[in-house]
Amino acid sequence: MKFFTLIFLLKIILVFSQTSEEKYILSKNFIYLAKMDAYKKDYQSSNNRYGKAFKLHKVEDSNDLLDAASVAFEINNRKLAKEYIVEAIVGYNAPKEFVLEYKGLQKFKKDQIFTDIEVNYENYVEEYYKSKKSIAAYIEVEKLIEKDQNIRNLHINITKKLPRNIKDKKRLDSIFNQQMIEVDSITTNSLIEITKKYGYQDKGWIILWHQRGQEYKNENSKFWKFFKPLIKKEIENGNLHKSFFAMFDDEYEIINSGKQVYGTYSDYFEVYPIKDISGIDARLKQIGFPPLLYDKLIYGKKLPEGYTLTEDQLYQELLSRVKGYD
């Protein structure tokens, strides 16, 4: 009995000695293991690891909660399953259709819980908005996103309606590109001011994403000179995951070398191969991502040519990341 008490106390000491950034990474590693356990149909172990992950850090989005709900259903813990689904809505504003049609939950769709979710959905959404620290910041960012998307969607919709052989397409693209530059100038400056006033806003990510490519590495960019150090601080404080810049880095590398650093464009390995395939898993570990094989097993993604890792090696790697905490 004393031995197990000592082990328990050591685990608590280990967790409390970690930085916020380390806790976030550990939480994600427990989630990776939980999904691997579910893949192996070891639902009890999966459920336990989801529980550990959620105690360490809030999840990144609603998907992990819905996957955890699926596992809870598998072990017949309906109460926990409902708690996870409700949290996906109250905490992350998961759309009703998204929840009801979520692939991992379809086999449990006849459960009374889903009827209750439908009936009470609007109340859950109301709770989501009530929980926002600043509804003013939320609305301001939503307005920026609407402005950002309107010009881009207009370009796409008009281009779709044009004949393929239209002579003035380049001229039309040029006009829209200029308009996008003007809109981006407004949205980027506005996002900086909103962030200064209210702090980092998760929903502003799309504005950041539209400043990727060459602009991302532009040392004179007012936008990135403001946001890069701020985001790095958010990562240190455990508010953002260490992998935040991975897609930005891959986008920049693709433009300049035609290759990827982290393989975030997993559907395009044949077009944009991974730079130094032998070192990919080590690079992924540095930013808190699982080995590349994980995406194939869990999400059905293709693997790039030359990649070698077995399922057992993947599982052992993930276990090593939570050693002492599991």
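Read-outs throughout are calculated quantities, based only on the coordinates presented, and are distinct from any laboratory measurement. Just so you know, these numbers come straight off a predicted model, no measurement behind them. As a convention, Cβ positions derive from the backbone with ideal geometry for all residues, glycine included, and neighbour counts pool all protein chains shown.
Selection among Pro95, Asn237, Ile139 by position relative to the dipole of the chain gives Asn237 as farthest towards the positive end (Cβ unit charges, Cα centre). Principal axis extents of the C-alpha atoms in region 135-222 (largest first, rounded to whole Å): 48, 31, 16. In a simple Cβ point-charge model (Lys, Arg +1; Asp, Glu -1; nothing else charged), the chain has a dipole of about 160 debye relative to its Cα centre. Under the convention that each Lys and Arg Cβ holds +1 and each Asp and Glu Cβ holds -1, the size of the dipole of region 216-326 around its Cα centre is about 520 debye. Neighbours of Tyr265 by Cβ distance under 13 Å: Lys/Arg scored +1, Asp/Glu scored -1, total -2. All Cα-Cα distances of region 35-181, cut into 10 Å bins from zero to the largest, leave 10, 29, 22, 18, 15, 6, 0 percent in each bin in turn. Dipole magnitude for region 135-222: about 500 debye, using +1 per Lys or Arg Cβ and -1 per Asp or Glu Cβ, origin at the Cα centre. Taking Cα atoms, how many degrees apart are the long axis of helix 2-16 and the longest axis of the chain, rounded to 10 and kept between 0 and 90? Helix 2-16 sits roughly 10 degrees off the main axis of the chain. Between the exposed loop cleavage positions of the chain, defined as GluC sites (Glu not before Pro) in a non-H, G, I, E, B DSSP state with at most 14 neighbouring beta-carbon atoms within 10 angstrom, the longest gap is 102-218.
Computed from backbone phi, the HN-Hα couplings of region 58-72 come to 5, 6, 6, 8, 6, 4, 5, 5, 5, 5, 5, 5, 4, 5, 4 Hz, rounded to whole numbers (Karplus: 6.51 cos²θ - 1.76 cosθ + 1.60, θ = phi - 60°; Gly and Pro given as x). Karplus-based coupling profile of region 315-321, in residue order and whole Hz: 5, 5, 4, 5, 4, 5, 6, with θ = phi - 60° in 6.51 cos²θ - 1.76 cosθ + 1.60 and x standing for Gly or Pro.
Net charge around Gln112, counting only other residues with Cβ within less than 14 Å of its Cβ (Lys, Arg = +1; Asp, Glu = -1)? For residues surrounding Gln112, the net value is +2.
Projecting the Cα positions of Leu319, Phe73, Ile194 onto the charge dipole of the chain (unit charges on Cβ atoms of Lys, Arg, Asp and Glu, taken about the Cα centre) puts Ile194 furthest along the positive direction. The angle separating the long axis of helix 78-92 from the principal Cα axis of greatest extent in the chain is about 30 degrees. A crude spin-label estimate for the pair Ser20 and Tyr265, with each label 7 Å from Cα along the Cβ direction, gives 3.4 nm. Relative to the first principal axis of the alpha-carbon coordinates of the chain, what is the inclination of helix 135-161, with its axis defined by its Cα atoms, in degrees from 0 to 90 and to the nearest 10? Result, in degrees: 60.
Less than 5 angstrom separates the built amide H of Gln260 from those of Ile274, Lys275, all sequence-distant by 5 or more or on a different chain.
List the pairs from Lys133/Lys217; Lys222/Lys242; Lys130/Lys285; Lys58/Lys323 whose alpha-carbon separation is above 29 Å, in the order I gave them.
Working: Lys133/Lys217 32 Å; Lys222/Lys242 23 Å; Lys130/Lys285 37 Å; Lys58/Lys323 21 Å.
Going by Cα-Cα distance, Lys133/Lys217; Lys130/Lys285 fall outside the 29 Å limit.
Given DSSP loops and a limit of at most 10 other Cβ atoms within 10 Å, what is the longest stretch of the chain that contains no such trypsin sites (Lys or Arg not before Pro)? Maximal segment without exposed cleavage sites: 168-322. Normalising by residue count, the chain has a Cα convex hull of 183 Å³ per residue. If the segment from Asn150 to Asp111 were pulled out straight at 0.36 nm per residue, it would be longer than the present Cα-Cα gap by 10.1 nm.
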